[in-house]
1. Go through segment 72-96 and give me each residue that's outside any loop (DSSP other than H, G, I, E, B), of a type in the set (D, E) and under 14 Å from the mean Cα position of the chain (by Cα).
2. So, in segment 18-69, exactly how many residues are part of a loop (DSSP other than H, G, I, E, B) and more than 13 Å from the chain's Cα centre (by Cα)?
3. Could you list, in sequence order, all residues of segment 6-17 that are touching a Leu at 6+ places or on another chain (Cβ under 9 Å) and either assigned to a helix (DSSP H, G or I) or within 30 Å of E142 (Cβ to Cβ) (or both)?
4. Restricting to segment 1-17, name every residue that is within 14 Å of the chain's Cα centre (by Cα) and closer than 22 Å to P169 by Cβ.
5. Give segment 150-169 a look and list any residue that's of a type in the set (G, A, S), touching a residue at least 24 places away in the same chain (Cβ under 8 Å) and surrounded by fewer than 16 Cβ atoms within 10 Å (Cβ to Cβ), or say none.
6. Just need a number here: residues in segment 7-64 that are closer than 17 Å to R106 by Cα, touching a Gly at 6+ places or on another chain (Cβ under 9 Å) and either free of Cβ contacts under 8 Å to residues at least 60 places away in the same chain or crowded, with 16+ Cβ neighbours inside 10 Å (or both).
7. Quick check on segment 105-117. Is at least one of its residues farther than 25 Å from R40 by Cα, modelled with pLDDT under 95 and either exposed (fewer than 10 other Cβ atoms within 10 Å of the Cβ) or not β-branched (V, I, T) (or both)?
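The values are calculated or read from the model by the stated rules, or taken from the named source; none is laboratory data. Computed from a predicted structure; not experimentally measured. Every residue, glycine among them, receives a Cβ derived from its backbone with ideal geometry; neighbour counts consider all protein chains shown. Note: areas computed on protein heavy atoms with side chains; ligands, DNA, RNA excluded. Shrake-Rupley method; radii C 1.70, N 1.55, O 1.52, S 1.80 Å.
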Amino acid sequence: MTQGFVRDYPATEKGLLLMGPSGVGKTHLAVAALKELIRRGHNGLFCDYRELLKEIQASYNPASESTEMGVLEPVRTAEILVLDDLGASKPSAWVLDIIGLVLNARYNEKRMTILTTNYFEETATPEPVPRLPGGQRVVVKEDTLADRIGARMRSRLYEMCRTVEVHAPDFRREARQAGRARA
């Protein structure tokens, strides 16, 4: 899916939303796509979601030489943006406003956006269902992507991006276990 996206760019009309658990290679795929597009002469930017929020917060310090719009401008206007780890920060009203500014600007300008996230549409119930000693079921609700970025922005992503669920073993865990086996 990612290779086809890169091959067909700029004819590709949609961005990509790479969803999956930690360690399956979402960021690796997104960066590989960005590198190839840059190699072909396109302008692109990689941005970690949490780092972006921290940089914007730091711009509010009176001693800072940066401004919120100064930080956001390259994110809003890059031809191709990789926004890594979408939804990684708790969704305060401020966080929802910031992601709304970024995604709406990119949507309105029809700019290509590749996003990665660990959050899904709905969280699958683990099997077997955990139970308390008295037999009562334990209901564990994990956040969905809409919980983390707001239903409005999640809806916008349906139109902006092709959703790709990445399923694979956790590469980091596999690499660590392989390293222990050799020792």
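1. Quick first cut of segment 72-96, residues outside any loop (DSSP other than H, G, I, E, B) only: 72-77, 80-84, 93-96.
Within this subset, residues satisfying the condition of being of a type in the set (D, E) are 73, 84.
Listed by number, the list holds a single entry, D84.
2. Let us first name the residues in segment 18-69 that are part of a loop (DSSP other than H, G, I, E, B), namely 20-25, 40-43, 60-67.
Next cut, more than 13 Å from the chain's Cα centre (by Cα) only: 23-24, 40-43, 60-67.
Looking only at that region, the number is 14.
3. Across segment 6-17, the qualifying residues are V6, G15, L16, L17.
4. If we filter segment 1-17 for residues that are within 14 Å of the chain's Cα centre (by Cα), which is where we start, we get 15-17.
Matches in segment 1-17: L16, L17.
5. Taking segment 150-169 first, the residues of a type in the set (G, A, S) are 150-151, 155, 168.
Still in the list and also touching a residue at least 24 places away in the same chain (Cβ under 8 Å): 150, 168.
The answer is A168, and nothing else.
6. Summing the residues that are closer than 17 Å to R106 by Cα, touching a Gly at 6+ places or on another chain (Cβ under 9 Å) and either free of Cβ contacts under 8 Å to residues at least 60 places away in the same chain or crowded, with 16+ Cβ neighbours inside 10 Å (or both) in segment 7-64 gives 2.
7. Of segment 105-117, the ones farther than 25 Å from R40 by Cα are 117.
So of that shortlist, the ones also modelled with pLDDT under 95 come out as none.
No: segment 105-117 contains no residue that is farther than 25 Å from R40 by Cα, modelled with pLDDT under 95 and either exposed (fewer than 10 other Cβ atoms within 10 Å of the Cβ) or not β-branched (V, I, T) (or both).
Matching residues to (1) modelled with pLDDT of 95 or more; (2) out of contact with any strand residue (DSSP E or B) (no Cβ under 6 Å at 6 or more places or on another chain):
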{"residue": "K35", "(1), (2)": "yes, yes"}
{"residue": "R39", "(1), (2)": "yes, yes"}
{"residue": "C47", "(1), (2)": "yes, no"}
{"residue": "E51", "(1), (2)": "yes, yes"}
{"residue": "E65", "(1), (2)": "no, yes"}
{"residue": "L72", "(1), (2)": "yes, yes"}
{"residue": "L83", "(1), (2)": "yes, no"}
{"residue": "G87", "(1), (2)": "no, no"}
{"residue": "K90", "(1), (2)": "no, yes"}
